[in-house]
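Participant: One structure follows; several queries about it will come next.
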Amino acid sequence: MIKLVINKGRIPIKLWTEKIEEGALKQAINLSNLPFAFSHIAIMPDVHEGFGMPIGAVAAFEDVVIPHAVGVDIGCGMHAIKTILTEIDKRSLQAIVKLIKGTIPVGFEKHKTAQNKDLMPKQKSKLNRSFICFKEYDNALYSLGTLGGGNHFIEIQKGSDGFIWIMIHSGSRNLGKQIADHYNNIAKKINEKAGYPIPPSWELAYLETNSLEGQSYLEEMHFAIEYAKSNRKLMANRIVDIFEMVLSKKDIVDKEYDVIHNYASYEKHFSKKVWVHRKGAIRAFEGDICIIPGSQGSKSYIATGKGNPDSFKSSSHGAGRVLSRHKARKNLSLTEEIKKLNKMGIIHSLKSKRDLDEAPSAYKDISEVINNQLDLIEPVVELTPLAVIKG
């Protein structure tokens with residue numbers, strides 16, 4: 001439920017948490033002061049400072065789109081697979097993890113050969129040669145079906161429903177970043193030339209949605225969203241193939257879900273059509289499937305949305321960081337973090353001090369995050385990690 005309402009800007013800020021770092025709060029206030037911001041700003045319980053707009057925030061704008069309010073990893077999201085398996089032995093799990101690591105490139109790695117063009121999104125109109133989608137198309141073919149780094153992961157889990165689950169967190173790779181950077185630079189130039197009164201330091205340059213530049217961004221954003229979905233789906237198919245080969249089983253998939261958390265969508269809220277920007281937040285309309293992961297040492301959740309209008313029918317996208325990457329590497333103990341994961345019996349990806357930015361203690365308590373938003377979602381399945389693969 002709403003824990004705080006802050007009135008320090010033009011419109012209110014509604015928070016589903018009492019804990020928000022200073023930098024994230026400042027960014028939320030900046031959003032609330034935008035002349036085209038609509039109704040209020042919604043801050044999810046996994047909030048932390050981002051670039052321009054906090055991660056774990058939802059904002060609705062009238063007739064404009066903001067590249068940095070969508071984020072650089074456009075279409076980043078979660079893919080969850082419920083299998084028909086009820087158990088998996090340790091030896092098979094280790095074999096599956098080894099094969100996944102040998103099949104799916106992680107970090108900055110790409111495939112050595114281009115992937116099938118038929119898996120690429122179909123653009124709504126013929127791509128202009130000036131479009132980033134066109135320029136990055138060939139490179140994107142090599143990145144299709146790759147995990148990336150940072151907080152992206154592949155996780156094998158045991159559900160409270162008794163079944164084995166597979167979860168993938170990844171996005172649009174370099175394609176999304178190139179699109180975001182390109183249109184943010186265009187927006188900054190247009191805003192500066194027009195003399196719009198938004199300080200450049202806010203990093204919230206915008207494009208009018210009825211302008212050529214705004215329409216171009218939206219088309220490229222949708223291309224990146226579909227690319228990110230195809231990226232996760234290709235990885236999912238290959239992971240399922242590995243499961244079936246190791247376990248000598250066929251047709252192990254029961255259900256699949258895909259949910260995105262970095263995008264802008266034209267929706268009706270409070271009787272008005274607006275551009276809802278969800279950055280590190282997911283759609284939670286009534287009945288929507290919501291995938292909310294924890295850290296590599298905590299539970300994740302499959303939930304259904306309740307369609308709460310105060311959050312623009314949204315919820316958190318995960319646990320959210322409690323330590324920046326730099327602070328986590330500097331302050332956390334590698335020995336202690338590994339000990340926690342080993343005690344849980346998880347096959348994990350914590351090997352060196354540089355991995356501490358993705359240690360369990362770098363993240364918020366997922367149970368607290370879930371409890372803070374029970375008016376937004378209804379938890380259905382708890383997922384306990386068995387094995388984690390990260391870039």
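Participant: Kindly list, by first and then second residue, each pair from a residue in the range 175-200 that is in contact (Cβ under 8 Å) with a residue 60 or more places away in the chain to a residue that is part of a helix (DSSP H, G or I) and acidic (D, E), limited to pairs with Cβ atoms under 6 Å and residues at least 6 apart or on different chains.
Facilitator: Pairs found: I179/E220.
Participant: Further question: Residues to consider are F243, F223; find the one that is part of a helix (DSSP H, G or I), over 29 Å from K135 (Cβ atoms) and either in contact (Cβ under 8 Å) with a residue 60 or more places away in the chain or of a type in the set (D, E) (or both).
Facilitator: Numbers: F223 fails: over 29 Å from K135 (Cβ atoms).
The unique qualifying residue is F243.
Participant: Please pick out the residue among S333, S352 that is farther than 14 Å from P45 by Cα and out of contact with any helix residue (DSSP H, G or I) (no Cβ under 8 Å at 6 or more places or on another chain).
Facilitator: Values: S352 fails: out of contact with any helix residue (DSSP H, G or I) (no Cβ under 8 Å at 6 or more places or on another chain).
Matching residue, one of S333, S352: S333.
Participant: Residues to consider are G56, G75; find the one that is within 22 Å of the chain's Cα centre (by Cα) and in a loop (DSSP other than H, G, I, E, B).
Facilitator: Going through G56, G75 in turn, just one is within 22 Å of the chain's Cα centre (by Cα) and in a loop (DSSP other than H, G, I, E, B): G75.
Participant: Identify, please: which residue in the range 78-97 is aliphatic (A, V, I, L, M) and part of a loop (DSSP other than H, G, I, E, B) and is, among those, farthest from I289 (Cα to Cα)?
Facilitator: Among those that are aliphatic (A, V, I, L, M) and part of a loop (DSSP other than H, G, I, E, B), it is I88.
Participant: Continuing with this model, one more query. Which condition breaks for K189 when tested against (1) at pLDDT 95 or above; (2) more than 23 Å from R278 (Cβ to Cβ); (3) buried (at least 19 other Cβ atoms within 10 Å of the Cβ)?
Facilitator: Condition not satisfied by K189: (3).
Participant: Here are some conditions: (1) closer than 26 Å to E49 by Cα; (2) touching a strand residue (DSSP E or B) at 6+ places or on another chain (Cβ under 9 Å); (3) not hydroxyl-bearing (S, T, Y). E213 meets all but one. Which one does it not meet?
Facilitator: (1)
Residues are listed down the side, and each one gets a yes or a no for (1) buried (at least 20 other Cβ atoms within 10 Å of the Cβ); (2) in contact with a helix residue (DSSP H, G or I) (Cβ under 7 Å, 6 or more places away or on another chain); (3) within 25 Å of P385 (Cα to Cα); (4) not hydroxyl-bearing (S, T, Y):
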{"position": "K8", "(1), (2), (3), (4)": "no, yes, no, yes"}
{"position": "A24", "(1), (2), (3), (4)": "yes, no, no, yes"}
{"position": "M53", "(1), (2), (3), (4)": "yes, yes, no, yes"}
{"position": "G56", "(1), (2), (3), (4)": "yes, no, yes, yes"}
{"position": "V72", "(1), (2), (3), (4)": "yes, yes, no, yes"}
{"position": "L93", "(1), (2), (3), (4)": "no, no, yes, yes"}
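Participant: Which members of the range 139-158 meet the condition of being out of contact with any helix residue (DSSP H, G or I) (no Cβ under 7 Å at 6 or more places or on another chain), surrounded by 21 or more Cβ atoms within 10 Å (Cβ to Cβ) and not in a loop (DSSP other than H, G, I, E, B)?
Facilitator: Listed by number, the residues that qualify are F153, E155, Q157.
Participant: Taking the conditions exactly as written (in contact with a Gly (Cβ under 6 Å, 6 or more places away or on another chain), part of a strand (DSSP E or B) and either surrounded by fewer than 21 Cβ atoms within 10 Å (Cβ to Cβ) or at pLDDT 95 or above (or both)), does H40 satisfy them or not?
Facilitator: The answer is no for H40.
Participant: Can you list the strands (runs of 3 or more DSSP E) lying wholly within the range 287-390 that have 1 or more residues being surrounded by 16 or more Cβ atoms within 10 Å (Cβ to Cβ) and of a type outside the set (S, T, N, Q)?
Facilitator: On the way: elements: 289-292, 300-305, 314-316, 377-390.
By residue number, 289-292, 300-305, 377-390.
Participant: Here is a follow-up. Which condition does Q178 not pass, out of (1) closer than 28 Å to I81 by Cβ; (2) of a type outside the set (D, E, K, R); (3) surrounded by fewer than 23 Cβ atoms within 10 Å (Cβ to Cβ), if it passes all the others?
Facilitator: (1)
Participant: Now for a separate question. Go over the candidates G320, G345 one by one and state the one that is in contact with a Gly (Cβ under 6 Å, 6 or more places away or on another chain) and at pLDDT below 95.
Facilitator: Step by step, each of G320, G345 is checked, and only G320 is in contact with a Gly (Cβ under 6 Å, 6 or more places away or on another chain) and at pLDDT below 95.
Participant: With the condition kept exactly as written, say whether any residue in the range 204-216 is in contact with a Ser or Thr (Cβ under 9 Å, 6 or more places away or on another chain), surrounded by 15 or more Cβ atoms within 10 Å (Cβ to Cβ), among the small types (G, A, S) and part of a helix (DSSP H, G or I). Steps first, please.
Facilitator: Of all residues in the range 204-216, those in contact with a Ser or Thr (Cβ under 9 Å, 6 or more places away or on another chain) come to 207, 215-216.
Narrowing further to those that are surrounded by 15 or more Cβ atoms within 10 Å (Cβ to Cβ): 207, 215-216.
From the residues that got through so far, the ones that are among the small types (G, A, S) too are 216.
In the following step, the residues that additionally are part of a helix (DSSP H, G or I) were identified as 216.
Looking through the range 204-216, at least one residue is in contact with a Ser or Thr (Cβ under 9 Å, 6 or more places away or on another chain), surrounded by 15 or more Cβ atoms within 10 Å (Cβ to Cβ), among the small types (G, A, S) and part of a helix (DSSP H, G or I).
Participant: Which numbered condition in (1) surrounded by fewer than 23 Cβ atoms within 10 Å (Cβ to Cβ); (2) in contact with a Cys (Cβ under 9 Å, 6 or more places away or on another chain); (3) of a type in the set (S, T, Y) is the only one that Y227 fails?
Facilitator: (1)
Participant: Out of curiosity, is D118 closer than 27 Å to A264 by Cα and without any contact (Cβ under 8 Å) to a residue 12 or more places away in the chain?
Facilitator: So D118 fits the description; yes.
Participant: Hey, another quick one. Which of the numbered conditions does G307 fail, given that it passes all the others? Conditions: (1) at positive phi; (2) in contact (Cβ under 8 Å) with a residue 24 or more places away in the chain.
Facilitator: Going through (1) at positive phi; (2) in contact (Cβ under 8 Å) with a residue 24 or more places away in the chain one by one, G307 breaks only (2).
Let's see how each residue does on (1) farther than 24 Å from P309 by Cα; (2) at pLDDT 95 or above; (3) polar (S, T, N, Q):
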residue: L218; (1), (2), (3): yes, yes, no
residue: I225; (1), (2), (3): yes, yes, no
residue: I242; (1), (2), (3): yes, yes, no
residue: V246; (1), (2), (3): yes, yes, no
residue: Y266; (1), (2), (3): no, yes, no
residue: K273; (1), (2), (3): no, yes, no
residue: A284; (1), (2), (3): no, yes, no
residue: S295; (1), (2), (3): yes, no, yes
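Participant: In the list L15, L25, which residue meets the criterion of being of a type in the set (A, V, I, L, M) and farther than 22 Å from L374 by Cα?
Facilitator: That would be L25, the only listed residue that is of a type in the set (A, V, I, L, M) and farther than 22 Å from L374 by Cα.
The values are calculated or read from the model by the stated rules, or taken from the named source; none is laboratory data. Note that the structure is predicted; figures quoted are calculated from it, not measured. We place every Cβ from the backbone using ideal geometry, glycine too, and count neighbours over all the protein chains shown.
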